[in-house]
Amino acid sequence: MEDLVTFGGQISQTDLPRWYHMADLYISPSHVDGSSVSLMEALACGLPCLVSDIPANKEWVFENENGWLFRDGDANDLAEKILAAISQREKLPEIGRSSRRSAEMRADWKKNAEALMNVYRSLGGKNAQ
């Protein structure tokens, strides 16, 4: 297993994109997470994502579109999904591109800030600029 998995230890923020780009797949077995920063980073770096089916992850990862969901706490389901993802190695680049598109469309702070300002304006915020 050591020749297949690399544990990088603590990695600086500036080095994170390089590490994400070296990966074939992002995996997160979190049981609880409000909005995972590492999931957002993985999506933005164009990685296919395999995450637990907790509510926050289900808002971002869509089965066979930008990744896969496994049953939270079910190690067998996680193992099966890892094997399934690896068996589709030729599809991983397209799934990764879909991840990147989903991050660009839904997690762009400039777009979200403008949308929020539009909501404020529609509510009668005369001073909203």
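Look at (1) surrounded by 14 or more Cβ atoms within 10 Å (Cβ to Cβ); (2) touching a residue at least 40 places away in the same chain (Cβ under 8 Å) and you find that Arg89 fails only one, number (1). In segment 53-62, which residue that is buried (at least 19 other Cβ atoms within 10 Å of the Cβ) and of a type outside the set (A, V, I, L, M) is farthest from Met105 (Cα to Cα)? Checked segment 53-62; the qualifying residue farthest from Met105 (Cα to Cα) is Asn57. Which of the residues belonging to segment 29-48 are under 17 Å from Ile82 (Cα atoms) and touching a residue at least 60 places away in the same chain (Cβ under 8 Å)? Selection gives nothing. Annotation note: of Glu94, Glu63, Glu80, the sole residue that is out of contact with any His (no Cβ under 6 Å at 6 or more places or on another chain), at pLDDT below 95 and not small (Gly, Ala, Ser) is Glu63. For segment 1-51, the candidate set comprises residues that are assigned to a loop (DSSP other than H, G, I, E, B), under 11 Å from the mean Cα position of the chain (by Cα) and under 20 Å from Gly96 (Cβ atoms); within that set, the residue that is modelled with the lowest pLDDT is Ser36. What is the residue count in segment 59-74 for residues that are within 11 Å of Ser98 (Cα to Cα) and either out of contact with any Phe, Trp or Tyr (no Cβ under 9 Å at 6 or more places or on another chain) or in a loop (DSSP other than H, G, I, E, B) (or both)? Of the residues in that region, 5 qualify. Any residue at all in segment 90-97 that is under 24 Å from Leu4 (Cβ atoms) and part of a loop (DSSP other than H, G, I, E, B)? The answer is no, given that none of the residues of segment 90-97 is under 24 Å from Leu4 (Cβ atoms) and part of a loop (DSSP other than H, G, I, E, B). Taking first residues from segment 64-75 that are surrounded by 14 or more Cβ atoms within 10 Å (Cβ to Cβ) and partners that are modelled with pLDDT under 95 and assigned to a strand (DSSP E or B), the Cβ contacts under 7 Å between residues at least 6 apart in sequence or on separate chains come to Leu69/Glu63. Looking for whichever is over 19 Å from Ser35 (Cα atoms) and among the charged types (D, E, K, R) here; the options are Glu63, Glu94. Which one fits? Criteria check complete, one pass: Glu94. Of the residues Leu50, Leu25, the single one that is touching a Pro at 6+ places or on another chain (Cβ under 7 Å), crowded, with 16+ Cβ neighbours inside 10 Å, within 28 Å of Gln10 (Cβ to Cβ) and not β-branched (Val, Ile, Thr) is Leu25.
The values are calculated or read from the model by the stated rules, or taken from the named source; none is laboratory data. Every value quoted in this text rests on a predicted model; they were computed, and no experiment measured them. Glycine also receives a Cβ, built like all others from the backbone with ideal geometry; neighbour counts cover every protein chain displayed.
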